[in-house]
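Comments concern the structure below.
The values are calculated or read from the model by the stated rules, or taken from the named source; none is laboratory data. Note that the coordinates shown come from a computational prediction; the quantities given were computed from them, not determined experimentally. Here Cβ is always computed from backbone atoms with ideal geometry, including for glycine, and neighbour counts include all displayed protein chains. Ligands, DNA and RNA are excluded from the accessible area calculation, which covers all protein heavy atoms including side chains. Shrake-Rupley method; radii C 1.70, N 1.55, O 1.52, S 1.80 Å.
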Amino acid sequence: MSESSNRLIIFDTTLRDGEQSPGASMTKDEKIRIAKQLERMKVDVIEAGFAAASGGDFESIKAIASVVRESTVCSLSRANERDIARAAEALAPAARKRIHTFIATSPLHMEVKLRMAPEQVLEQARSAVRYARQFTDDIEFSPEDGSRSDEDFLCRVLEGVIAEGATTINFPDTVGYAVPEIFGNTIKRLRERIPNSDKAIWSVHCHNDLGLAVANSLAGVMIGGARQVECTINGLGERAGNTALEEVVMALRTRAAYYNLSVAIDTTQILAASRLVSQITGFVVQPNKAVVGANAFAHASGIHQDGILKARETYEIMRAQDVGWAANKIVLGKLSGRNAFKQRLQELGIVLDSEAEINAAFVRFKELADRKSEIFDEDILALVSDEEHAHENEFYRYVSLAQHSETGETPCAKVVFSIDGQEHVCEGRGDGPVDATVNAIESAAASGAELVLFSINAISTGTQSQGEVTMRLSKLGRIVNGVGADPDIVVASAKAYLSALNKLHSKIERLNPQL
């Protein structure tokens, strides 16, 4: 695909690079749910993980490759035969597959991290692409820390891997150091200097450390001639995150006359994807986040409100409906039947595997409807997630909770939960009801973990809203998020803490390469 082509490939790496956010690790089932939503959104390439990182990543990629039929499924691998073979094995069931291999090319990384001479790096890059071609014709190569690499050496490496059969060349700003004009012109210069540059699609992968990821990506496209953008839902990713998919896509759509580029994305699925990723990872979307934030289409100023009432275009450059916002967010109540509930699941893009799972989710819906009069889309997403967790073989499982808090008295809590199938009744006291609840759980769990984040988010509006609680725990270098939802925020806190303990209990280790 040449610079003259007006088709832009959207490469989503939420499941790989996005998962590198501390605490954002996902279960296999959660990754499958997100992958299915990305496919519904018509994402071109889904980077499902790094197969050699862990057994869990391998199984997740293999499962996604088995269910995703329309999007290309990709696995990352270092530039060595072991990683590439592992990626190929995981991708074997895919209808469309891509191997994405990388090696560092900056002097700093080669000397300090790889401890390899430039000529060794060049040969390893070429041999890796040559080996990967045995498994698929769709090969992507990335020079890690490309924006800090010597340009002459970079040209040699990229010319070499294209000659070996790399079909996509991805230029990453690994540490978010680039600025748009320099970044775009660097790619333009590389494409002009490398004789066979037209034999590959050029791609950009930008981090947001200076808040420039989207700007750098678009500069790479418009100035540099790149025709693939690597991004994540909600800009999820390590440190300050990655290029936000929703921002790139809606910039291209809203300023279509300027960019003159098309994407295959079904933009009406953007909000559903944003909510799903937020709910699964526990990373709350800030209200003023572009496109998907709660305030993205809200107008408080009287002048703005008057203008909107007269003509939407006065203060809105996008239609809320185009990204999936609905005018009527209240969908169901306690008198709603099973068919209405099932229909709403389909509209939200939630696919449950069996009638038994739908029935179980419906029972939880009716229980929730008895406790709050209005059920919102966000409530349904939360209860379905809880239902899926209930089917997992959890080491820690919530049963019930009672707590007492009174002015002038020390709050206390009694929590009933099971550990490996054995039920425990534990009591604790603390500075508040949540502290007392955590102390009660720890009296039996004795995890020794440090609580590094406690966050409460109202799932919908009003005092009847469910509280969605995120608990982030750290232990021996591992950081995990647990998420729990309930109209009672103390119960939600207990669920979130137990969820985090379950993730800590998992022995799967991860190896997260940075691109």
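The aspartates and glutamates within cross-link reach of Lys36, meaning a Cα-to-Cα straight distance under 13 Å and a gap of 8 or more places when in the same chain, are Asp12, Asp44, Glu47, Glu70, Asp353. Have a look at Tyr398, Ala35, Val221 and report the one farthest towards the positive end of the charge dipole of the chain, computed about the Cα centre with Cβ charges (Lys/Arg +1, Asp/Glu -1). The residue sitting most towards the positive pole is Val221.
At 1.4 Å probe size, with the rest of the protein present, what percent of the exposed accessible area of the chain is carbon and sulfur atoms? Mind showing how you got there, number by number?
Values: 10710 of 21670 Å².
C and S atoms contribute 49 percent here.
With r as the distance between the Cβ atoms of Gln343 and Val363 and R0 = 22 Å, compute the FRET efficiency 1/(1 + (r/R0)^6) and round to 0.05. Efficiency, from the Cβ-Cβ distance: 0.80.
The H on the amide N of His207, modeled in the peptide plane, is under 5 Å from the matching H of Asp173, Gly176, each at least 5 residues off or on a different chain.
From the protein chains alone at 1.4 Å, what is the descending order of accessible area for His100, His404, largest first?
I get His404, His100, largest accessible area first.
Per residue, the chain exposes an accessible area of 42 Å² to a 1.4 Å probe, with every protein chain left in place. Legend: P(r) of the range 135-225 from all alpha carbon pair distances, 10 Å bins from 0, whole percents, reading 19, 53, 25, 3.
Shape class for the range 89-144, computed from the alpha carbon gyration tensor (a ≥ b ≥ c): prolate, with a/c not under 1.5 and a/b above b/c.
Under a 5 Å amide H cut-off, with hydrogens placed 1.01 Å from N, Gly237 pairs with Ser21, Asn242 among residues at least 5 apart or on other chains.
In whole percent, what relative contact order does the range 39-116 give with Cα contacts below 8 Å and a gap of six or more residues? Over the range 39-116, the number comes to 29 percent. Asp29 exposes around 80 Å² of accessible area when a 1.4 Å probe is run over every protein chain in place. Taking the longest Cα principal axis of the chain as reference, the axis of helix 338-347 is set at about 30 degrees. Taking the longest Cα principal axis of the chain as reference, the axis of helix 489-505 is set at about 50 degrees. Gyration tensor analysis over the Cα atoms of the range 186-229 returns equivalent ellipsoid semi-axes of 21, 9, 8 Å (largest first, whole Å). Straight-line reach from Lys366: which lysines have a Cα under 24 Å away, not including same-chain ones fewer than 8 places off? Correct list for Lys366: Lys329, Lys334, Lys342, Lys495. So what does log10 I(q)/I(0) come out to for the chain at q = 0.07 Å⁻¹, using the Debye formula with one equal point on every Cα and no solvent? Here the Debye-derived log intensity ratios amount to -0.42. In the chain, a dipole from Cβ-located charges (positive for Lys and Arg, negative for Asp and Glu) runs towards its positive end, and of Tyr259, Ala445, Ala79 it is Tyr259 whose Cα lies farthest in that direction. Above 21 Å, the calculated P(r) of the range 1-88 contains 30 percent of its Cα-Cα pairs.
In percent, rounded to a whole number, the relative contact order of the chain is 12, using alpha-carbon pairs under 8 Å and six or more apart.
Filter the trypsin sites (Lys or Arg not before Pro) in the range 3-89 to those in DSSP coil with at most 14 other Cβ atoms within 10 Å of their Cβ, and list the result. Loop-located and lightly packed - Arg69. Here the extension length gained between Thr268 and Asp420 equals 50.5 nm, from 0.36 nm per residue of separation less the Cα-Cα distance. When the surface is traced with a 1.4 Å probe over the full set of protein chains, Asp420 keeps roughly 110 Å² accessible. Backbone geometry of the range 282-291 corresponds, through the Karplus equation with coefficients 6.51, -1.76 and 1.60 at θ = phi - 60°, to 3J(HN,Hα) couplings of x, 8, 5, 6, 4, x, 9, 5, 4, 6 Hz, x marking Gly and Pro. In the complete set of protein chains, residue-level accessible area for Thr254 is approximately 50 Å², probe 1.4 angstrom. If you sort Glu30, Glu59 by accessible surface, 1.4 Å probe, largest first, the order is Glu59, Glu30. Put His205, His109 in order of accessible area, highest first, and with a 1.4 Å probe you get His109, His205. Only DSSP H runs of four or more residues enter the estimate; each adds -39500 (n - 2.57), and after division by the residues of the chain the mean residue ellipticity at 222 nm equals -12000 deg cm²/dmol.
Would you work out which of Ile162, Gly235, Ser25 lies farthest towards the positive end of the dipole of the chain? Charges go on Cβ: Lys and Arg +1, Asp and Glu -1. Of the options given, the answer is Ile162. Across the range 438-454, rounded Karplus estimates of 3J(HN,Hα) from the backbone phi angles (6.51 cos²θ - 1.76 cosθ + 1.60, θ = phi - 60°) give 4, 4, 5, 5, 5, 4, 10, 6, 6, 6, x, 7, 9, 7, 9, 8, 10 Hz, Gly and Pro being marked x. Of the beta bridges in the chain, as assigned by DSSP with both residues counted there, near 50 percent are antiparallel. When the P(r) is computed for the range 208-258, the part past 17 Å accounts for 30% of the Cα-Cα pairs. Computed from backbone phi with θ = phi - 60° and the Karplus coefficients 6.51, -1.76 and 1.60, the 3J(HN,Hα) list for the range 221-237 is 7, 6, 8, x, x, 5, 10, 9, 10, 9, 7, 9, 5, 6, x, 4, x Hz; x is used for glycine and proline.
Given axes a ≥ b ≥ c from the Cα gyration tensor, I'd like to know whether the range 1-46 is rounded (a/c under 1.5), prolate (a/b larger than b/c) or oblate. Taking the square roots of the gyration eigenvalues as a ≥ b ≥ c, the range 1-46 is oblate.
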